[in-house]
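What follows is one structure encoded as structure tokens, with my remarks underneath.
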Amino acid sequence: MASADWLRAARAARALSVVTLVWLGVESSLGLIAGMAAHSVALLGWGLSALVEAAASLIVVWRFTGSRTLSAGAEVRARRAVAVSFWVLAPYLVLHVAYDLGAGHRAEASALGIAVTAVSLVSMPALGLAKRRLGARLASPSTSGEGTQNLICAVMAGGVLAGLWLNTLGWWWVDPAMAVTLALVAAREGMRAWRGHACCH
């Protein structure tokens, strides 16, 4: 039988995931619009990664709804689903970088991209840390994994923001380099999530 404190933490995890879903819908839309306008692979990848994060948020909402709240089997399925959500992004990023480099595309400056990544750089660490603390209290790798995705989002936002700024100095290669780095991080964190490890950032 779960304690009242555990159940409160489960409700908090679900509520934070719902809030995250709303923000990620806005973030992803703006990131993709800005990325397409600026031909920025890193910005597009970051916008798509918001959709991957949204999938992880949906998984946690599913995990802590109804009878699944107290189900150990639901936690295992949720943890593995979060791992798969990490892996969805990596191949796209690598293929898109290869295509853009082959086509000679270069990222352009994007005021919208700078604005939306700056907001995420500030907001995502708070969400990520709160979810990782709840994940530890709940013994829920899926919740911790979602929190880790939020922290990665903040790191990615910082990297994309730096790339957009450096691009104004003519350092065009920073954008595709950041995209490939994000693909490697996503693949690594997917493996850790599948094995049930909570990573530290």
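The values are calculated or read from the model by the stated rules, or taken from the named source; none is laboratory data. In this text the structure is predicted, and so the values were computed from the model without any measurement. So basically every Cβ, Gly included, is an ideal-geometry build from the backbone, and we count neighbours across all protein chains shown. In case anyone asks, the SASA skips ligands and DNA or RNA and just uses the protein heavy atoms, side chains included. Shrake-Rupley method; radii C 1.70, N 1.55, O 1.52, S 1.80 Å.
Summary of values
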read-out: Subset of region 130-184 (residues that are out of contact with any Leu (no Cβ under 7 Å at 6 or more places or on another chain) and polar (S, T, N, Q)); value: Ser140, Ser142, Ser144, Thr148, Gln149, Asn167, Thr168, Thr181
read-out: Search result, residues across region 1-20 that are of a type in the set (A, V, I, L, M) and either open to solvent by less than 60 Å² (accessible area, probe 1.4 Å) or assigned to a helix (DSSP H, G or I) (or both); value: Ala2, Ala4, Leu7, Ala9, Ala10, Ala12, Ala13, Ala15, Leu16, Val18, Val19
read-out: Test for Gly135: is it over 30 Å from Thr65 (Cα atoms) and either in contact with a helix residue (DSSP H, G or I) (Cβ under 7 Å, 6 or more places away or on another chain) or assigned to a helix (DSSP H, G or I) (or both); value: no
read-out: Residues of region 21-53 that turn out to be in contact with a Gly (Cβ under 7 Å, 6 or more places away or on another chain) and open to solvent by less than 30 Å² (accessible area, probe 1.4 Å), as a count; value: 12
read-out: Region 69-94 - residue that is hydroxyl-bearing (Ser, Thr, Tyr) and out of contact with any helix residue (DSSP H, G or I) (no Cβ under 6 Å at 6 or more places or on another chain) and, of those, surrounded by the most Cβ atoms within 10 Å (Cβ to Cβ); value: Tyr92
read-out: Region 153-173, residues that are of a type outside the set (Gly, Ala, Ser), free of Cβ contacts under 8 Å to residues at least 60 places away in the same chain and part of a helix (DSSP H, G or I); value: Val155, Leu161, Trp165, Leu166
read-out: Candidates Val160, Val155, Val185, Val180, filtered to the one that is open to solvent by 20 Å² or more (accessible area, probe 1.4 Å) and over 12 Å from the mean Cα position of the chain (by Cα); value: Val180
read-out: Meets criteria (over 16 Å from His39 (Cα atoms) and surrounded by fewer than 21 Cβ atoms within 10 Å (Cβ to Cβ)) for Thr148; value: no
